[in-house]
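Below you'll find the structure, written out as structure tokens, and then a few comments.
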Amino acid sequence: MHPLKVKDLLPSFAMEMGRPVDEVQCVISFYYKAIRQELTKLENVNVHLENLGTFYIKERALDSYIAKCEYVITELSNNTIREYASKVDFKNKLEKVQNMKSLLLEEKQRRKDVINKRFNNESKGEHNKSLEE
């Protein structure tokens with residue numbers, strides 16, 4: 001399955017609705033911007049949108065942000081109030097991101113368990129033999 005890119009779909013959407021392509025593009029851009037903002041709040045591991053699917057936080061993005069926070073924390077000193085405030089802010093962000101990463105890993109493991117349960121248990125022959133006779 002190869003999903004189509006949004007930029008390829010814009011002209012057909014615009015023709016269906018009878019609106020200019022720029023207007024449709026602005027609406028779609030605003031919609032996806034709202035989705036990204038919801039994910040960056042780090043309140044939930046995913047955001048589910050009806051008819052579009054589930055959007056997950058990327059683990060690589062969390063890893064790179066953790067590395068960035070750790071680097072900034074080590075580079076900032078406690079000499080000035082501004083640097084100390086930034087350091088405390090980055091420590092809080094780091095704690096929140098690490099918590100979200102653990103939640104993301106738990107969700108990933110849960111999805112793997114569901115898939116394994118769905119597909120691997122069928123081949124083990126754990127069904128009632130008396131019904132097959």
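Details
- Filter result (more than 14 Å from MET100 (Cβ to Cβ), part of a helix (DSSP H, G or I) and not hydroxyl-bearing (Ser, Thr, Tyr)) within the stretch 42-72: ALA67, LYS68, GLU70, VAL72
- Residues that are at pLDDT 85 or above, over 20 Å from the mean Cα position of the chain (by Cα) and not β-branched (Val, Ile, Thr) within the stretch 13-37 comprise ALA14, MET15, GLU16, MET17, GLY18, ARG19, PRO20, ASP22, GLU23, GLN25, CYS26, listed in sequence order.
- Any hit, the stretch 7-17, residues being in a loop (DSSP other than H, G, I, E, B) and either in contact with a Cys (Cβ under 9 Å, 6 or more places away or on another chain) or at negative phi (or both): no
- Filtered residue count, the stretch 16-28, keeping only those that are of a type outside the set (Lys, Arg) and touching a helix residue (DSSP H, G or I) at 6+ places or on another chain (Cβ under 9 Å): 8
- Which numbered condition THR40 fails, given (1) modelled with pLDDT of 85 or more; (2) of a type in the set (S, T, N, Q); (3) surrounded by 10 or more Cβ atoms within 10 Å (Cβ to Cβ): (1)
- Test: residue in the stretch 54-62 that is within 30 Å of MET17 (Cα to Cα) and surrounded by fewer than 13 Cβ atoms within 10 Å (Cβ to Cβ): yes
- Looking only at residues in the stretch 73-86 that are assigned to a helix (DSSP H, G or I) and aliphatic (A, V, I, L, M), the one that is nearest to the chain's Cα centre (by Cα) is ILE73.
- With respect to the conditions (1) surrounded by fewer than 11 Cβ atoms within 10 Å (Cβ to Cβ); (2) at pLDDT 90 or above; (3) within 30 Å of VAL6 (Cβ to Cβ), LEU103 falls short on a single one, namely (1).
- Among the residues of the stretch 63-99, the one identified as modelled with pLDDT under 90 and of a type in the set (A, V, I, L, M, F, W, C) is LEU76.
- Put simply, of LYS112, LYS108, LYS117 the only residue that is surrounded by 13 or more Cβ atoms within 10 Å (Cβ to Cβ), among the basic types (Lys, Arg) and either in a helix (DSSP H, G or I) or in contact (Cβ under 8 Å) with a residue 40 or more places away in the chain (or both) is LYS108.
The values are calculated or read from the model by the stated rules, or taken from the named source; none is laboratory data. No experiment lies behind these values; they were computed from the predicted model shown. Don't worry about glycine lacking a Cβ; one is built from the backbone with ideal geometry, like all the others, and counts go over all protein chains shown.
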